[in-house]
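Peer 1: To start, I am sharing the structure in question, which I have written as structure tokens.
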Ligand SMILES: Cc1cc2nc3c(=O)[nH]c(=O)nc-3n(C[C@H](O)[C@H](O)[C@H](O)COP(=O)(O)O)c2cc1C
Ligand code: FES
């Protein structure tokens, strides 16, 4: 029997480390207690899985350290009825059953710090096959057959990029993994590295073999300390076993992998900016062409792929490109990982074959919205993407169908919003982000995003004018056209999609001076309900600007001219007598 | 932009410079390791890096200021990194920001008077499914509420002396 505790960053934040220590104390010394990575069911963390052989026999959820002794007893007597309260419910199990896990095949199943676990699950088999029995061209054909497209956002066919780097003129070549994961609201790549670092290493080595790179670099965000630690451990182990380094597995293929920590700049997710940063400079994008395949890191032919792209590669080589391309649609083959978050009931990590609809993911896997609220929209692709309204939830998830809505597939962030999320404020949120993160090279991106932000700020303060809508559109198209890199070219998307689908919300802010979602503070009004007010005077005492008047035991009144809308009266009232409009 | 208060022992980065100064493209790594030691990038350290690498100080500062990670003033013993990413935003990170402000009297980029806490807002900690989230000295806290934040900060403050 083996006991696994899910210790990805989310699990640890939910208290999995403490659960692990408590179990360690409660269980007999010879018990096989181990960590695993992200199981994907973040809303149920901490999770404890009990395996016999390769079979999961019990999944215990929302476990706390004080449950440890009961769990130990259950394990000892092999009678789990004593912990039946902790058992996952059958409806929650559906979250897993509706998925197809390829990139995440080992996540939450193996111990990410133990290379033997990876090897036992077929790990490094593909690498063996590739370096000992295949030519670069044959590997390339297999990747081409799989139809794999880049999972970092742009969705470029992977074989095409590898082929370009392979055929480029030059003596040295580099392979780079983009683990910068800049989309705020997404954590697919973190989960893969924390939970299954060897599949990234194996995928990278296969890529390096194809293009002929002897050196590979993983550029990873500094905000992911655990992922960096586990990747370091994995690299060390792979070296010891001869999967990495000189003459890999006795072949004449040699390759090293290094880790470079990013320093916090969204634009460094863009491939040429990333290369600048790797070279120790400010992360400002270069003009393309030449593309990195011709002139990249140190101006040598280079290939850059996303973490998830690489994680698919060993599976494809092991099972065949045809098996991968059998999944998905004409436009998008295989699977895609999404980080399902926001106001969703079951937030977590989800991998689905392309071709499912947004509705299936949000309602069947995610179980819909929390707190019986009304669902409003889903945001895909982060600052480069857009908001898709509920009316379009039957859209199929592939590159083309999502682009047609004005959003993008993106890297996998999927943030669900309910009726309390203001879409103008959402657009403002993203523009605030891109205006800060613009590297400043292109005038339109640097100043245009700022001007868009200023208009959105005005609108959310109730100072919008009707002509603002047209000015916004004009500015958006100017920024799209006038920017060199993807940051500026896509920064207006959150504004354009909300203007397209939620124009009524913009108009309510501008014309009626109201925020329908009730989120924009400046447009709120606080009033006291006479039928509920007991005249306790608490609100008047707490009001920081003395805007509330009234005698003891008489109804109080808020002076709207003085009110700063801080909400203090609303939060202190014990009789629910303050209403927000 | 620099704070000149204490004297800085630049010899602490000697080993780092020895290892990296001659490797092309390592400036960011050097700056990261220097910041790990001092908690920020003091002016004297920038000059020391410049001396050894031959990169002009102005260029080093140009690069350091480009990245959100680098600081030029000392920080408190505990660095609170509060997430303001999309998921956290949707789930009320603004309320958490206010709760921290109410409790410690600090806003983004500030350090509390007792020198114990500094606050920095960041784009995403990758714990989006437990949003709103924050990280304090490497430890992540999720599913925050204003009350929970208050308890966490109080706990840290009470053991703050050690
Ligand atoms: C502003 C900007 C940010 C980006 N951020 C990321 C990122 O965080 N991770 C990523 O893999 N790709 C990111 N990309 C896409 C990369 O430029 C590049 O297309 C990708 O890493 C290629 O890998 P793939 O073909 O495997 O998708 C970003 C692009 C832009 C324009
Ligand atoms: S959005 Fe806050 S952790 Fe990702």
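Throughout, read-outs are computed from the coordinates displayed, never taken from laboratory work. The structure presented is a predicted model; accordingly, all values stated were derived computationally and were not measured. As a convention, Cβ positions derive from the backbone with ideal geometry for all residues, glycine included, and neighbour counts pool all protein chains shown.
Peer 1: Which distance in Å, rounded to a whole number, links the C-alpha centroids of the range B:87-162 and the range A:1-57?
Peer 2: Using only Cα atoms, the two centres lie 27 Å from each other.
Peer 1: Follow-up. Note the angle between two axes, namely the Cα long axis of helix A:423-437 and the longest principal axis of the Cα atoms of chain A, as a number of degrees from 0 to 90, rounded to the nearest 10.
Peer 2: So the helix axis and the longest Cα principal axis differ by about 50 degrees.
Peer 1: While we're here: For chain A, find the longest principal axis of its Cα atoms and tell me its angle to the long axis of helix A:68-77, 0 to 90°, nearest 10.
Peer 2: Helix A:68-77 sits roughly 50 degrees off the main axis of chain A.
Peer 1: Which of rounded, prolate, oblate describes the range A:212-357, given a ≥ b ≥ c as roots of the alpha-carbon gyration tensor eigenvalues and a/c under 1.5 marking rounded, otherwise prolate only if a/b is larger than b/c?
Peer 2: rounded
Peer 1: To one decimal place, what Kirkwood hydrodynamic radius in Å is obtained for the range A:335-418 from all pairs of distinct Cα atoms?
Peer 2: Kirkwood hydrodynamic radius for the range A:335-418: 12.3 Å.
Peer 1: Still on this structure: Quick one: pull the percentage of alpha-carbon pairs in the protein assembly as shown with a separation above 35 Å.
Peer 2: 48
Peer 1: Here is a further query. Want the number for residue A:564 to residue A:167: 0.36 nm per residue separation, take away the alpha-carbon distance, what's left?
Peer 2: Taking 0.36 nm per residue and subtracting the Cα distance, the gain is 136.5 nm.
Peer 1: Let me ask something else about it. What average number of partner chain Cβ atoms lie no more than 10 Å from the Cβ of the residues making up B:76-89?
Peer 2: Counting other chains' Cβ atoms within 10 Å and averaging over B:76-89 gives 5.
Peer 1: Working from Cα positions, state the angle (0 to 90°, nearest 10) between the long axis of helix B:93-104 and the longest principal axis of chain B.
Peer 2: So the inclination is approximately 80 degrees.
Peer 1: So, one more: Please give the peptides A:520-533, B:131-144 ranked by average Cβ packing (other Cβ atoms within 10 Å per residue), highest first, as a rough proxy for protection.
Peer 2: Answer by packing, highest mean first, reads B:131-144, A:520-533.
Peer 1: Can you tell me what share of the DSSP beta bridges in the protein assembly as shown is antiparallel? A percent to the nearest 5 is fine. Walk me through the numbers before you get to the answer.
Peer 2: Values: 42 of 74 bridges.
Expressed as a percentage, antiparallel bridges in the protein assembly as shown total about 55.
Peer 1: Kindly give Rg over Rh for the range B:78-159, based on alpha-carbon atoms, with the Kirkwood expression for the hydrodynamic radius.
Peer 2: 0.93
Peer 1: Could I ask something else about it? Going by average Cβ density within 10 Å per residue, which order do the peptides A:486-495, B:149-158, A:218-227 take, highest to lowest?
Peer 2: Averaged packing, sorted descending, gives the order A:486-495, A:218-227, B:149-158.
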